[in-house]
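The values are calculated or read from the model by the stated rules, or taken from the named source; none is laboratory data. Just so you know, these numbers come straight off a predicted model, no measurement behind them. All Cβ positions, glycine included, derive from the backbone under ideal geometry; neighbour counts span all protein chains shown. Quick note on the areas: whole protein, heavy atoms, side chains included, nothing else; ligands and nucleic acids left out. Shrake-Rupley method; radii C 1.70, N 1.55, O 1.52, S 1.80 Å.
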Amino acid sequence: MELEKIVLGKYIFVFLFFFLVLGYVIAQYITWSSPLVLILWIAGALVLMIYHNRIIQNHYKANAWIIALLLTIFSLLNMHQHLPDTRLKMGKDQQVLAKLISEPKITKRQIRMEIMILEIQGQSIKPSKTLAVLWKDSLFSFPFHLGDQINFKAHLKPIKPAYNPHQFDYKSYLKSNGIYFQSEGKAGEVKLIKRHKGWNFSYWARKQQKHFADKFNTLMKAKEAFQIASAIVFGYRTDFSEEITQTFANTGTIHILSVSGYHVMLVFWFLNIILKNFDTYLGGPACRYVLVLIIIWLYAAICGFAPPIQRAALMISIFIIGQWLHRFQFSVNSLAASAFILLCFDPHMLFDIGFQLSYLAVLGLILFTPFFKSLMNHDNSFLKKMISLLAVSLSAQLITTPLALFYFHQFPTYFLAANVLFTLPSSMMVMVGGILMLSPFQGINTYFAMLLEYIITYSYSMLTWLDSLPGSSIKGVQMDGYALVISYLALLLLSVAYYSRHIKSLFLCLLMSCLLVGWGVLKTFSKQHFNGIRLYNVQKEIAFAIIKNGHVSLFSSMDSIQDKRLKYAVWPDLEKFKALDEIQFVRLENRMEGNISCQGKICLIRNNKLPKQLNTTETWIFDASNTDRFILESIALLDAKKQPYYILKDNFAYVWENKAHGKD
């Protein structure tokens, strides 16, 4: 009967969501083939027949498991449907017919866009999403837009993984958007097959977004203020300066730079206040709810239907419909319902970091806001509002911190102060920005733009001040998979202990918290006493670090430690050993041609040049400056002499520690 309560009771969507996710996770480890797909279809049909014929009609538990099995099979087949066609061959030039599914982003040397490949070598295939990179001359114009069908010779390539420890994994990021490979070609060879005709809602929405961006850019004098305003108000992302991005990241307010549930909730609240007084004229609240729903989805479209805005618009829609039917209670089940609907349409969204963090944040609000409010209860009305604001920030941060540490390895120390202080200004930005978007009066718009620019400048200076304080961000924090699971088990037990007054759950929560603390102390000790060499994959350049009991020296052929390539490939790993300003940087001058020996343990082979004598105590490392032919010939020689070696070219970073060598 317990399972019956879950399936038929108030947590039905939690149950459905679990088995949908289970199927998507299993699908990541399956080697797909046509017979396997056929078997899944047959199994699904048989299970559906059993359920339809009610062979076990009065066995509620059995029925629940049949639903779970059906859902798992559906999720497996759904994930397979979203995978690219197997006839797409890597490493070959193939003539493709494709449809543009995003607006091209044009730079001086290349054009990047998302395309859906429809045909290959004249044969129709399952529509397959890919990232197209077209190389061009500086003066070449690209006259193609969203919805157009084009033909070009594409060289299909797998997307490279993150080769260095804790480096941003661009391959996983694209995979979460359903992109498994990229196609390269020449922009001058692209031919238009079919121009998109008729009215396209997506194209119209993007055109409106560009119109608003041009309007803001014209009215606002400060470039930084325009960039922040356009991102916060209607989701138009430009290339932020590194300083802006870092300031928001270090203060724990980076989520504000994208339109999310908070912004949509503000729009809903603002519309509700304005339209509520017109219920009498609109024929009751029904017309108000319909009008609010239409405006919210129009706003979501103008914001580019980015995943965060999709999630927010869907959750608010469920909330509005529930209010309309007088049956809504914002709960874990309603949250699971919105996630379930989105994942049915796009299974890759499950692996999107933004999806995971945003749903965790809302889950934290539901589970832990009452807990924090009970700890800080007060009768004063003003303090009650402040306590509510603090409780919301703490709840969201508590539940998202483990996952954020797992992905980004840094913790914003002053997140609470930053979020509390930035809440009112960001609300004002959305409201003033919304008026500026819709107002047709040029004279008034000038003053609204000045007001918006002042709010942004003041708020950003406040964040900059917080970021300048000592210890504003703790970087290099390690969180592996085991610690992540323990963290969320501890939070689950805490919520069970609070709502069920279960002492054993509280005890287990404290026990797991102690395990986490012990794990953290052990990791810190191992970092402080690490002795070894870390050789990074930076293509044809050189970058290796010698680490000894907390002292870090970075040797590189690049000009400084601030080089963008080092920042991308090396910083995330070294920050866990030492703060960047405490790392000794040594520039390797005139060493790009010859081989480099590191403490008699590693010999870096470069530019197809072998050392005259073999040192049997050294491991030979071949980087990307060597040709494939030279590497193969050298391997044959080293195998004959039983000399250890490692191929760094198109491979993972090499770590030597205590005479143990291998990849990290």
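As a calculated quantity, the FRET efficiency between ILE321 and LYS385 at R0 = 22 Å, using C-beta atoms, amounts to about 0.15.
Compared with the direct C-alpha span, the chain from VAL37 to MET428 gains 135.5 nm at full extension, assuming 0.36 nm per residue. Relative to its residue count, segment 408-449 spans a Cα convex hull of 89 Å³ per residue. Pairs spanning more than 30 Å between alpha-carbon atoms, out of LYS89/LYS194; LYS186/LYS215; LYS126/LYS649; LYS136/LYS194; LYS157/LYS207; LYS527/LYS642: LYS186/LYS215; LYS126/LYS649; LYS157/LYS207; LYS527/LYS642. Computed with the Debye formula from one identical point scatterer per Cα of segment 528-585, without solvent, the log10 of I(q)/I(0) at q = 0.18, 0.26 Å⁻¹ comes to -0.53, -1.11. Derived from the Cα gyration tensor, the three semi-axes of the equivalent ellipsoid of segment 81-176 are 22, 20, 13 Å, largest first. Counting only Cα atoms, the size of segment 136-252 along its three principal axes is 45, 45, 30 Å, in decreasing order. Once both labels are positioned 7 Å from their Cα atoms along Cα-to-Cβ, the gap between LYS210 and ASN595 label points is 5.6 nm. Here is the tail figure for segment 358-503: Cα pairs spaced more than 22 Å apart come to 56 percent of all pairs. Its alpha carbons considered, the chain gives a radius of gyration followed by a Dmax of 28.1, 93 Å. Peptides 495-508, 91-104, 376-389 ranked from most to least packed give 91-104, 495-508, 376-389, packing being the mean of other C-beta atoms within 10 angstrom over each peptide's residues. Temperature 25 °C, viscosity 0.890 mPa s: under these conditions the Stokes-Einstein estimate for segment 205-253, based on its Kirkwood radius over C-alpha pairs, is 216 µm² per second.
Translational diffusion of segment 276-392, estimated by Stokes-Einstein from the Kirkwood radius over alpha carbon pairs at 4 °C in a medium of 1.567 mPa s, is 79 µm² per second.
Applying 1/(1 + (r/R0)^6) with R0 = 30 Å to the Cβ-Cβ distance of ILE366 and SER141 gives a FRET efficiency near 0.05.
When the alpha carbon gyration tensor of segment 421-484 is reduced to an equivalent ellipsoid, its three semi-axes come out at 37, 16, 8 angstrom, largest first. Once the C-beta distance of LEU484 and GLN95 is scaled by a Förster radius of 30 Å, the resulting FRET efficiency is 0.10 to the nearest 0.05. In a fully extended conformation the segment linking ASN651 and LYS548 would gain 34.6 nm over its present Cα-Cα distance, using 0.36 nm per residue.
Shape descriptor for segment 225-273: Rg over Rh equals 1.04 (Cα atoms; Rh from the Kirkwood inverse mean 1/r). Rounded to the nearest 500, the 222 nm mean residue ellipticity of the chain from helices alone is -17500 deg cm²/dmol, with -39,500 (n - 2.57) taken per DSSP H run of at least 4 residues. 3J(HN,Hα) along segment 79-91: 5, 4, 5, 8, 7, x, 5, 6, 7, 6, 9, 7, x Hz, from the Karplus curve 6.51 cos²θ - 1.76 cosθ + 1.60 with θ = phi - 60°, whole Hz, x for Gly and Pro. For the chain, the Cβ-based charge dipole about the Cα centre amounts to some 840 debye (Lys, Arg positive; Asp, Glu negative; other atoms uncharged). Net charge in the neighbourhood of GLN643 (other residues with Cβ under 15 Å of its Cβ; Lys, Arg +1, Asp, Glu -1) is +1. Could you state the angle between the C-alpha long axis of helix 34-52 and the longest principal axis of the C-alpha atoms of the chain, as a value from 0 to 90 degrees rounded to the nearest 10? So the helix axis and the longest Cα principal axis differ by about 20 degrees. The modelled label-to-label distance for the pair ASP85/THR464, using points 7 Å beyond Cα in the direction of Cβ, is 5.3 nm.
Can you compute the label reach from LYS160? Point 7 Å from Cα along the Cβ direction, backbone N cut-off under 20 Å, restricted to segment 118-152. Once the point is set 7 Å along Cα→Cβ of LYS160, 131-136 turn out to lie under 20 Å by backbone N, inside segment 118-152.
Solvent-accessible area per residue in the chain equals 53 Å², computed with a 1.4 angstrom probe and all protein chains kept.
For the chain, the longest principal axis of the C-alpha atoms and the axis of helix 201-219 are separated by about 80°.
Farthest towards the positive end of the charge dipole of segment 425-527, among the residues MET462, GLY433, GLY476, is the Cα of GLY476, using unit charges on the Cβ of Lys, Arg, Asp and Glu.
Take the Cα of VAL290, step 7 Å toward its Cβ, do the same at ALA62, and the gap between the two points is 4.7 nm.
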